[in-house]
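Take a look at the structure set out below.
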Amino acid sequence: MPESVPVRCPVCRRTHLYTAPVYPCACGAPTAPRLDPAAEPAVAPHRAWDDEWLTVPCAACGRGNHWPRPELGCPCGTVLRVPVAEGPTAPEPGPAGTDGTDHSDGTDGTREPERQRPPFQPHAIRTARDAVTTAALYLRWLGYGDIRRADQRPPNGIGLAARGLLAQVDPTVRPAGPRDVECLWLTAMTESAQCVYFSLAGYTSAARTGADALGIPLFVLDLAGAPQPVNDPADALHTTGAPKPAPRTRDGRT
């Protein structure tokens, strides 16, 4: 099983169970960073691409692999960098691609709707294109079909669309502000669609407050490629997935 450690957010003091993502080495062996359960997590600083990667040696062949640093998006909006222990990693059994899902406290840890879907396969983010690809794969994993570029280009980032949904992917190193989420909401309203926001650098407090008031799901894209919900609407969407389409009548209408 992939290694899991408890991670306590220094901002809201909430404790999460973090599972290290597993990636395949060039030799084919599953590889994951060795986490340090004794060290305190740190709040992730401003994004700098050269500082977001670490070398993880493969326990099978000894090859040094270049993997994104383990990160966890807390529901309070803080992005936490999970400490990594020094030394070689232990070999990981089972298929590669296990995601670092956040199991927050306050529940019994069981989410029946998620069990009905296979685990989301992370897509490591190195470029803005990777961020868009990760968001599209995640939306498809949630159950949305026909993912495509949105007709209207958002003020920042890239717009994605699906049936009944408009998504914005912001791969910049600037936290999304209230104007960003409000513009997305207004555009979705004109198309009678729901909306969801993906940000690489997180959100300002005002943006999170506005999104909560409007019911907009907010996700943080960590560099491992596993979107993390940061508010209640996002957590609900992650749990239940895309709504089922309305049944069609005999004349083809919904």
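Contact order, relative form, for segment 121-175: 27 percent (alpha carbon pairs under 8 Å, 6 or more residues apart, mean separation divided by residue count). Karplus-based coupling profile of segment 134-148, in residue order and whole Hz: 4, 4, 5, 5, 5, 4, 5, 5, 5, x, 7, x, 6, 5, 8, with θ = phi - 60° in 6.51 cos²θ - 1.76 cosθ + 1.60 and x standing for Gly or Pro.
Gyration tensor analysis over the Cα atoms of segment 150-195 returns equivalent ellipsoid semi-axes of 18, 11, 8 Å (largest first, whole Å).
No value in this document is a laboratory result; all are computed from the given coordinates. Everything numeric here is computed off the predicted structure, so don't read it as measured data.
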